[in-house]
1. Within the range 14-31, is even one residue of a type outside the set (K, R), touching a Leu at 6+ places or on another chain (Cβ under 6 Å), touching a residue at least 24 places away in the same chain (Cβ under 8 Å) and assigned to a strand (DSSP E or B)?
2. Filter the range 53-112 for residues that are part of a strand (DSSP E or B) and of a type outside the set (V, I, T); which is modelled with the lowest pLDDT?
3. Restricting to the range 23-49, give me the number of residues that are of a type in the set (G, A, S), surrounded by fewer than 20 Cβ atoms within 10 Å (Cβ to Cβ) and touching a Phe, Trp or Tyr at 6+ places or on another chain (Cβ under 9 Å).
Amino acid sequence: MDVHELLRGQVAGLVEFYDDSPECDTANRLTAEVKEILGPAAPVYRINVADNEREAHLVKLEQVPTIIIYRDGREEWRITGDWPSAQTLAARLESSDQPPGAINPLKGVPRY
């Protein structure tokens, strides 16, 4: 599954947008920990923005690293710093009790 399928789907998934800079090391470790917590089949993806400029443009990235959780085809949570724990991310990915309030840049409509 790629990010486009995730945005069109009815599933939840976590996507880390990164590059090869040292600033991305913490996010890289965090993403790996979430994958370990949830197991090998977890919907956790990493996208190198240097190799995938189109995806970075589609989700309107302003900085890397950025971690985005998608649910039901819409952006639910975007993190660009002040990283939560891997446990927090894994729990958020499995179920959400917080209002989304985000905009999916591909659909361009607010999520209520």
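1. Yes, the range 14-31 contains a residue that is of a type outside the set (K, R), touching a Leu at 6+ places or on another chain (Cβ under 6 Å), touching a residue at least 24 places away in the same chain (Cβ under 8 Å) and assigned to a strand (DSSP E or B).
2. P110
3. 0
The values are calculated or read from the model by the stated rules, or taken from the named source; none is laboratory data. Bear in mind that the values here come from a model prediction, so they are computed numbers and not experimental data. As a convention, Cβ positions derive from the backbone with ideal geometry for all residues, glycine included, and neighbour counts pool all protein chains shown.
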